[in-house]
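> Got a structure here, written out as structure tokens. Questions coming.
The values are calculated or read from the model by the stated rules, or taken from the named source; none is laboratory data. This structure is a prediction, so every number in the text was calculated from the model and none was measured. Cβ placement follows ideal geometry from the backbone for every residue including glycine, while neighbour counts extend to all protein chains displayed. These accessible areas exclude ligands, DNA and RNA; they are computed on the full protein's heavy atoms, side chains included. Shrake-Rupley method; radii C 1.70, N 1.55, O 1.52, S 1.80 Å.
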Amino acid sequence: MNNKDTNKKYTVSFTTLGCKVNQFETEAMSELLEKEGFEVVQENVSDIYIINTCAVTNESERKSRQFINKAKRINPNAIVVAVGCSVQLHGEKISKDTTADIIIGTKNKGNIGKLLKEKLSHMEQDSEVIIESFHGQECFEELKISSVHDKTRANIKIQDGCSQFCSYCIIPYVRGPIRSRNHEDIVKEVKDIAANGYKEIVLNGIHISSYGKEIKEQDALIKLIEDMNKVEGIERIRLGSLEPNLITEDFIIRYSSLEKTCDHFHLSLQSGSNSVLERMNRKYTAEQYKNNVELIRKYMPDAGITTDIIVGFPGETDEEFNETMEFVKKVRFSRIHVFKYSIREGTKAAEMTDQVDDIVKSERSRVLIELGEEVSNEFMKKYVGKDVSVLVETEKTENLFEGYTTNYLKVLLKSDINIRNTIVDVHVKNVGNDYLTGEYSAI
């Protein structure tokens, strides 16, 4: 690559691991780079590779390093950038063990264009490492998007950081303390996205339930949603992962009264056993969680409740696991995501002595996944013979489209015309493996 070739339009490709916040930040960096004259591509061979890393599990960190090294093998002359959570946690190790040319933690993503241009001008320089620690009160780093490539719904990052310190989780150490994005800036971004034709927005962050808490504004999130509801062009507002304690009667009354809010709530459970929840340092009991679910269903009877559950947490007995199984049967989730506990160095749970054997974790995972599929199937069966509203997102094959209901059920439907990015009424005929099938007739 010629340092002096300033007229060349350099190509950039992204690899994104981990959560929806990472996906949003990749979209924001893509938009920034395109504005600065770079060409973002999907091709395998590129001038610049940016790997947005994840640190939530050991496996995600291993994959992050694997993608960093793979990029240089594909194009030895490329600039390779490692960015994100795994870098924040193990920057020195990544600098030593990988071929990355630029190493950025969870701050300074907004400077990606400037850093790349500096590197292109001084290719002979050693790797640049930019990892800043978190110190007390932090500012929200403004990253925004106005359009989303090839999608009909847009993720909006409204918050960063977490101050919960669950005993199994490394994220507070790599993302820092809670900090909320400015209310007006978020609403402006939503208006920009609506102007580009997107029908649905999803509010995401590392811990969106804490939005506004650092400035002691307890109802900041619902005020934000109420203002988003006024934005012309947006037809659906969906929430990312929530803490169960966010659900109060005041919140759900205000939320359910808005015409654009989706009746889908992803409430992280992690365990149905109070003793396990206490060891996890979760801030609720199983009974409180169930009461909050009942509160949601009081005002939004068809609400889809999805959740995450960890099996094999240190010290989890057969009795405690059975408590989780019984809890799932009581709540009747629309979908559960099951994770086997993974040791994360630097967390309190990693220091616990009574680690559960991998064989036991695998068996518990299998049994809980089977139960999850059963309750999910039951939830979907309720809609056979009924009409549902579907936002059509993708064309799977010719005349076969895929979309989602407001309560986040996947629907496959046939249409002779292109109905992508439209909201249509679908008559549900059957239940598939993890989706509904239905009929749509254009009027």
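> Between Lys96 and Glu319, what FRET efficiency comes out of the Förster formula 1/(1 + (r/R0)^6) with R0 = 56 Å and r the beta carbon distance, rounded to 0.05?
Values: r = 45 Å, r/R0 = 0.81.
The value I calculate is 0.80.
> Using θ = phi - 60° and the Karplus curve 6.51 cos²θ - 1.76 cosθ + 1.60, what whole-Hz ³J(HN,Hα) does each residue of region 331-340 get, with Gly and Pro shown as x?
Values per residue, Gly and Pro as x: 6, 6, 5, 7, 6, 10, 10, 9, 10, 7 Hz.
> If you find the alpha carbon centre of region 279-357 and of region 168-239, how far apart are they in angstrom?
For region 279-357 versus region 168-239, the Cα centre distance is 25 Å.
> Exactly which GluC sites (Glu not before Pro) in region 266-360 are in a DSSP loop and have at most 11 other Cβ atoms within 10 Å?
Working: sites: Glu278, Glu287, Glu294, Glu316, Glu319, Glu320, Glu323, Glu326, Glu345, Glu351; in loops: Glu316, Glu345.
Here the GluC sites (Glu not before Pro) that fit, given the DSSP loop and packing criteria, are Glu345.
> Here is a further query. If I compute Cα extents along the principal axes in Å from the structure I just sent, which labelled value in (i) 65, 63, 43; (ii) 60, 51, 38; (iii) 65, 48, 45 lines up?
(i)
> If you count only protein heavy atoms with a 1.4 Å probe, what accessible area per residue comes out for the chain, rounded to a whole Å²?
Details: 20280 Å² over 443 residues.
Accessible area per residue, the chain: 46 Å².
> As a test of the formula, what do you get for the chain when each DSSP H run with n ≥ 4 contributes -39,500 (n - 2.57) and the sum is divided by the residue count, at 222 nm and rounded to the nearest 500 deg cm²/dmol?
Taken over the chain, the calculation gives -10500 deg cm²/dmol.
> Of the heavy-atom accessible surface of region 270-350 (probe 1.4 angstrom), what whole percent is carbon and sulfur? Write out the running numbers ahead of the final one.
Values: 1660 of 3490 Å².
Answer for region 270-350: carbon and sulfur cover 48 percent of the accessible area.
> Trypsin sites (Lys or Arg not before Pro), restricted to region 329-390: which are DSSP loop and have at most 16 other Cβ atoms within 10 Å? Numbers along the way, then the final one.
Numbers: sites: Lys329, Lys330, Arg332, Arg335, Lys340, Arg344, Lys348, Lys361, Arg364, Arg366, Lys381, Lys382, Lys386; in loops: Arg332, Arg344, Lys348, Lys382, Lys386.
Hits after loop and neighbour filter: Arg332, Lys348, Lys382, Lys386.
> Just how large is the dipole of the chain about the Cα centre, in debye to the nearest 20, putting +1 at every Lys and Arg Cβ and -1 at every Asp and Glu Cβ? Walk me through the numbers on the way to the answer.
Working: 60 positive and 71 negative charges, 69 e Å.
Roughly 340 debye, rounded to the nearest 20.
> Right, here's the next one. Any chance you could get the radius of gyration and Dmax over the Cα atoms of region 312-390, in Å?
According to the Cα coordinates of region 312-390, Rg and Dmax are 16.2, 52 Å.
> For region 343-356, what does the Karplus curve 6.51 cos²θ - 1.76 cosθ + 1.60, with θ = phi - 60°, yield as ³J(HN,Hα) per residue in whole Hz, taken in order and with x for Gly and Pro?
Residue by residue, region 343-356 yields 5, 10, 4, x, 9, 5, 5, 5, 8, 5, 7, 8, 5, 8 Hz.
> Figure the gain on full extension for Ser342 and Thr397 (residue separation times 0.36 nm, minus the Cα-Cα span) and round it to one decimal in nm.
Net length gain for the segment: 16.0 nm.
> Run through the DSSP bridge list for the chain and note the antiparallel percent, rounded to the nearest 5. All intermediate terms of the calculation are to be shown ahead of the outcome.
Numbers: 21 of 67 bridges.
Among the beta bridges of the chain, antiparallel pairing accounts for roughly 30 percent.
> Classify region 258-373 from the C-alpha gyration tensor, please: rounded if a/c falls under 1.5, else prolate or oblate depending on whether a/b exceeds b/c.
Numbers: a/c = 2.16, a/b = 1.83, b/c = 1.18.
Prolate, since a/c reaches 1.5 and a/b exceeds b/c.
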